[in-house]
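Trainee: First, the structure itself, so that you have it in front of you.
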Amino acid sequence: MDNLRIQGGAQLRGRVRISGAKNAALPILSAALLADGDHRFRNVPELRDVGTMAKLLRTLGQDVRVAGNVVDVQSRPVPDAVPVAPYELVKQMRASVLVLGPLVARYGRAHVSLPGGCAIGARPIDQHLKGLEAMGAQVVLEHGYVKVEVPSGRLRGAEIVFDMPTVTGTENLMAAAALARGRTTLVNAAREPEVEELARVLNKMGASVEGAGTDVIVVEGTDALQPVDHAIMADRIEAGTYMAAAAATRGDVLLEGVTFEHLEAVAAKMRQAGAVVEREGEGVRVCAPGPLRAASLQTAPHPGFPTDMQAQFMVLMCTAQGRSTIVENIFENRFMHVPELNRMGARIDVVGRTATVEGVDALQGAQVMATDLRASASLVIAGLVADGVTEVLRVYHIDRGYERIEQKLSQLGATIERVPGRA
């Protein structure tokens, strides 16, 4: 198991191209199940999670070929009477549950293991199942699996009101509704850019999806969809992570190929903290010419400050002047990076869902343990700004969501290397 070893102290400078969005690629790859034929997806990041999704699709009888950032899916009917997404794959990645909607819509039945993924809190799929039941499915939870069957053979349109916005729930039901009979209305839907991206792909496949990006999405079901060729949008969370790294190291970095509108909440908080964030051509430039100052925030569904950027922003606050408070409203267990940051000299107190950060003059390098994907990214940023050497253990978490992170940071002037872990 690999580790990352970082010599802190370098200011990041230069330009970095942001990879395709993992959280857009995964639901889009799942959507290939909706239509037989040859799909091509470009700008797909080379990540562990993408590899897991490819394995899952192959298990479901699809021919999946990965060549760099291009994934070709030759979609064909699932050979089994009941399509099954097995535990050994789904446990590795919660997003595996995204095959549920397409499978039920296409075949009228599916067995999908209850999901796994990062241990950042309870992430139930009750909203997914409530929606499928409203569309005429029968749902049974049995022996760790969700077993779904549509007695009539085909889902029917319905109005579905989410109890709270859920990204994967919105995506799963939007994909399912594309092949349902009649109109489906999703109320209190997630508004994230990745939801909009899936809607674009479904519409290119011949679906009728309106309202994506708002809290009401209307899908007119159709009898059949067509294969698609699509380039995945840039990853706004990877972009935000490099923004935080640039500001934390008091550097100057141009992020290439990103959509500024997807980064507005992060940019606003970084400006409040004293960083300079500007559009530049088809990219965003971030620099921090002077000391950072404390800025408080609360995570919220899009267009609010994303929970996936909370840990990275917290590192900024560790060496900012003053006291900041960070409230985590999305996941109840997303402060697991705090003890590791405190081991590096940070001063962070946590009470419930609120972390209070008192800025310090400097962090110190240490051996730290990655506990989940975004916590891993925060520890890498902390290592970049710390005095001395930091070794981040168990970086398989970071490989789930960041493409070649050590190479990209090295190109920006960081001293970072991947080293084998000790047995």
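The values are calculated or read from the model by the stated rules, or taken from the named source; none is laboratory data. Bear in mind that the values here come from a model prediction, so they are computed numbers and not experimental data. Neighbour counts run over all protein chains shown; Cβ positions are idealised from the backbone, glycine included.
Trainee: Quick check on A295: is it without any contact (Cβ under 8 Å) to a residue 40 or more places away in the chain, assigned by TED's automatic domain parsing to the domain that holds R13, touching a helix residue (DSSP H, G or I) at 6+ places or on another chain (Cβ under 8 Å) and assigned to a loop (DSSP other than H, G, I, E, B)? Break it down stepwise before answering.
Mentor: Numbers: without any contact (Cβ under 8 Å) to a residue 40 or more places away in the chain: yes; assigned by TED's automatic domain parsing to the domain that holds R13: yes; touching a helix residue (DSSP H, G or I) at 6+ places or on another chain (Cβ under 8 Å): yes; assigned to a loop (DSSP other than H, G, I, E, B): yes.
So A295 passes the test.
Trainee: A further question on this structure: If you go through region 134-175 one residue at a time, how many are charged (D, E, K, R) and within 23 Å of the chain's Cα centre (by Cα)?
Mentor: So the first thing to find is which residues in region 134-175 are charged (D, E, K, R), and the list is 142, 147, 149, 154, 156, 159, 163, 171.
With the extra rule that they be within 23 Å of the chain's Cα centre (by Cα), the set shrinks to 163, 171.
Adding up the residues that qualify gives 2.
Trainee: Which of the residues that make up region 336-356 are modelled with pLDDT of 95 or more and among the aliphatic types (A, V, I, L, M)?
Mentor: Selection gives V338, L341, M344, A346, I348, V350, V351, A355.
Trainee: Something else: Does G281 satisfy the criteria of being closer than 21 Å to F335 by Cβ and not aliphatic (A, V, I, L, M)? First the steps, then the outcome.
Mentor: Numbers: closer than 21 Å to F335 by Cβ: no; not aliphatic (A, V, I, L, M): yes.
Taking the combined requirement at face value, the residue does not satisfy it.
Trainee: Mind telling me which of the residues A95, A54 ends up being assigned to a helix (DSSP H, G or I) and modelled with pLDDT of 95 or more?
Mentor: A54
Trainee: Another question, then. Does R15 qualify as being outside any loop (DSSP other than H, G, I, E, B), out of contact with any Phe, Trp or Tyr (no Cβ under 8 Å at 6 or more places or on another chain) and outside the structural domain of P151 (by TED's automatic domain parsing)? Spell out how you get there, then give the answer.
Mentor: Details: outside any loop (DSSP other than H, G, I, E, B): yes; out of contact with any Phe, Trp or Tyr (no Cβ under 8 Å at 6 or more places or on another chain): yes; outside the structural domain of P151 (by TED's automatic domain parsing): yes.
Considered against the rule, which asks whether it is outside any loop (DSSP other than H, G, I, E, B), out of contact with any Phe, Trp or Tyr (no Cβ under 8 Å at 6 or more places or on another chain) and outside the structural domain of P151 (by TED's automatic domain parsing), R15 comes out as yes.
Trainee: Can you name the residue in region 176-199 that is over 18 Å from the mean Cα position of the chain (by Cα) and part of a helix (DSSP H, G or I) and, of all such residues, is surrounded by the most Cβ atoms within 10 Å (Cβ to Cβ)? Talk me through it step by step, then tell me what you get.
Mentor: Looking only at region 176-199, we keep the residues that are over 18 Å from the mean Cα position of the chain (by Cα), and these are 176-188.
Subset that is part of a helix (DSSP H, G or I): 176-177.
On the way: A176: 28, A177: 33.
For region 176-199, the residue satisfying everything is A177.
Trainee: Answer yes if at least one residue in region 143-152 is closer than 28 Å to F305 by Cα and not assigned by TED's automatic domain parsing to the domain that holds P301, and no otherwise. Spell out the reasoning first.
Mentor: Step one: list which residues in region 143-152 are closer than 28 Å to F305 by Cα, which gives none.
Within region 143-152 (the criterion being closer than 28 Å to F305 by Cα and not assigned by TED's automatic domain parsing to the domain that holds P301), the answer is no, since none of the residues qualifies.
Trainee: If you don't mind, another one. Could you say which residue among L29, L100 is in a helix (DSSP H, G or I), under 21 Å from the mean Cα position of the chain (by Cα), in the same structural domain as G144 (by TED's automatic domain parsing) and without any contact (Cβ under 8 Å) to a residue 60 or more places away in the chain?
Mentor: Working: L100 fails: without any contact (Cβ under 8 Å) to a residue 60 or more places away in the chain.
That would be L29, the only listed residue that is in a helix (DSSP H, G or I), under 21 Å from the mean Cα position of the chain (by Cα), in the same structural domain as G144 (by TED's automatic domain parsing) and without any contact (Cβ under 8 Å) to a residue 60 or more places away in the chain.
Trainee: Moving to a separate point now. So which strands (runs of 3 or more DSSP E) stay within region 344-423 end to end and still have 2 or more residues that are touching a strand residue (DSSP E or B) at 6+ places or on another chain (Cβ under 9 Å), surrounded by fewer than 21 Cβ atoms within 10 Å (Cβ to Cβ) and among the aliphatic types (A, V, I, L, M)?
Mentor: Numbers: elements: 347-351, 354-358, 367-369, 389-393, 415-420.
Those strands (runs of 3 or more DSSP E) span 347-351, 389-393.
Trainee: Residue check: is A247 modelled with pLDDT of 95 or more and within 30 Å of Q11 (Cα to Cα)?
Mentor: Details: modelled with pLDDT of 95 or more: yes; within 30 Å of Q11 (Cα to Cα): yes.
Here the answer is yes, as A247 does meet what is asked.
Trainee: Okay, moving on. Out of all the residues in region 247-273, which are assigned to a loop (DSSP other than H, G, I, E, B) and surrounded by fewer than 19 Cβ atoms within 10 Å (Cβ to Cβ)? Working first, answer last.
Mentor: Step one: of region 247-273, the residues assigned to a loop (DSSP other than H, G, I, E, B) are 249-251, 257-259, 273.
Passing the criteria: R250, G257, T259.
Trainee: Of everything in region 28-59, what is surrounded by 24 or more Cβ atoms within 10 Å (Cβ to Cβ) and under 21 Å from D223 (Cβ atoms)? Give them in sequence order.
Mentor: S30, A31, A32, L33, L34, H39
To keep it simple, each residue is scored yes or no on (1) in contact with a strand residue (DSSP E or B) (Cβ under 7 Å, 6 or more places away or on another chain); (2) assigned to a loop (DSSP other than H, G, I, E, B).
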site: R106; (1), (2): no, no
site: H111; (1), (2): yes, no
site: P124; (1), (2): no, yes
site: E133; (1), (2): yes, no
site: R154; (1), (2): yes, yes
site: I160; (1), (2): yes, no
site: G169; (1), (2): no, no
site: N172; (1), (2): no, no
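Trainee: So A386 ticks every box in (1) modelled with pLDDT of 95 or more; (2) closer than 24 Å to M1 by Cα; (3) touching a helix residue (DSSP H, G or I) at 6+ places or on another chain (Cβ under 8 Å) but one. Which box is left unticked?
Mentor: All conditions pass for A386, except number (3).
Trainee: Any idea which of (1) under 30 Å from R106 (Cα atoms); (2) touching a His at 6+ places or on another chain (Cβ under 8 Å); (3) crowded, with 24+ Cβ neighbours inside 10 Å is the one R236 doesn't satisfy?
Mentor: Only one criterion in (1) under 30 Å from R106 (Cα atoms); (2) touching a His at 6+ places or on another chain (Cβ under 8 Å); (3) crowded, with 24+ Cβ neighbours inside 10 Å is unmet by R236, namely (1).
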